[in-house]
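What follows draws every value from the coordinates through simple rules; no lab data is involved. Just so it is clear, the structure is predicted and the values come from calculations on it, not from any experiment. FYI the Cβ positions are ideal-geometry reconstructions off the backbone, even for glycines, and counts take in every protein chain you see.
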């Protein structure tokens, strides 16, 4: 389009072109974002499973050093007063919370072994499916 005042060619986008680009970007975001969010939750489930394995190894190290399992997971970080042979800390405090920010559940003696460690998943409720399923040390 030529400017009548000075005869130069004006360049730029029209409002219709800009709106069309915004609509296309919104459609792409609507298709891609749900898939990305779903993958992030799957990564949290895998991270929780990995952390439970690390905590289990720490509990076993505690047992080898002291001859007993801890009464709570905090004993892996802070030396209990009534235990001899403690050679910790056995794990970092930050690993004692699941990826959703809740404390891992610990039971000793366990119902499925010498001890049970588990997380209730994304919803924090027992049971569930997918991202809300329980993540356990015995399965």
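Answer yes or no: is there a residue in segment 43-50 that is part of a loop (DSSP other than H, G, I, E, B) and either surrounded by fewer than 15 Cβ atoms within 10 Å (Cβ to Cβ) or touching a residue at least 12 places away in the same chain (Cβ under 8 Å) (or both). Within segment 43-50, none of the residues are part of a loop (DSSP other than H, G, I, E, B) and either surrounded by fewer than 15 Cβ atoms within 10 Å (Cβ to Cβ) or touching a residue at least 12 places away in the same chain (Cβ under 8 Å) (or both).
Which one is surrounded by the fewest Cβ atoms within 10 Å (Cβ to Cβ), of the residues in segment 62-103 that are in contact with a strand residue (DSSP E or B) (Cβ under 7 Å, 6 or more places away or on another chain), in contact (Cβ under 8 Å) with a residue 24 or more places away in the chain and not in a loop (DSSP other than H, G, I, E, B)? If we take residues in segment 62-103 being in contact with a strand residue (DSSP E or B) (Cβ under 7 Å, 6 or more places away or on another chain), in contact (Cβ under 8 Å) with a residue 24 or more places away in the chain and not in a loop (DSSP other than H, G, I, E, B), then 103 is surrounded by the fewest Cβ atoms within 10 Å (Cβ to Cβ).
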